[in-house]
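The values are calculated or read from the model by the stated rules, or taken from the named source; none is laboratory data. What you see is a predicted model, and the numbers here were worked out from it, not measured in a lab. Counting neighbours? That spans all protein chains shown, and the Cβs are built from the backbone with ideal geometry, glycine included.
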Amino acid sequence: MNWFVILGLFAACPKAPMEPVLPSGESGVIWVARTPATSGGHVAAPQVLADGLVNALAEEGLLVKPVTLDAVSKSLASARTDEERFQAVLGEQATEGLVVLVETRARYFSQLEGRYRWVVDVRAGVAQADAPDQGVVEVFEVPVFLQFEHEGEPDAVAAAEPVIRRHVTRLLRRHLGAEPARW
């Protein structure tokens, strides 16, 4: 009888999540941009966001090469679907590896207790270069507080960098079929 109780306890214990093993040396391209609220279009995102994403993806085993805004601006202007956006960023690049897109837009929300509240809208996606129609895209908002009135959209996007980085890392893991080990 005691053996059944012991076996039952071991069976009921949840297993610790395993750290997924991602392919080492996997490569790809990344495009990070910001859309100004007043003029539309795309401009370069703050460097802190681009660098943070490249470093976070490198820690996951994905070595990405940034794509410049000039290289994709014409083809991205006519892209409407996620698949077309992935194709536009990929451009004439090799058809192997991953494509990572991160688009941001910051908007002023209100002043609260002497600080300035902004909301950063983010659209992030990951797809295989040879199958852009099977990519994973996530849209989310990041609220941030800035201290000074003169801080604007680029500062709000830069302040949202840690949250954006975590979301993009989770998105990569979800695309590769790995459950995140830590939230």
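Things to note:
- Here the stretch 155-169 is the region considered, the condition is being of a type outside the set (Val, Ile, Thr) and over 8 Å from the mean Cα position of the chain (by Cα), and the residue that is surrounded by the fewest Cβ atoms within 10 Å (Cβ to Cβ) is PRO162.
- If the condition is being modelled with pLDDT under 90 and among the small types (Gly, Ala, Ser), then the stretch 147-175 contributes only GLY152.
- Criterion violated by ARG105 - all others in (1) basic (Lys, Arg); (2) free of Cβ contacts under 8 Å to residues at least 40 places away in the same chain; (3) surrounded by 17 or more Cβ atoms within 10 Å (Cβ to Cβ) satisfied: (2)
- Tabulated pairs, the stretch 133-162, first in a helix (DSSP H, G or I), second hydroxyl-bearing (Ser, Thr, Tyr), C-beta under 7 angstrom, 6+ apart or interchain: VAL157/THR104
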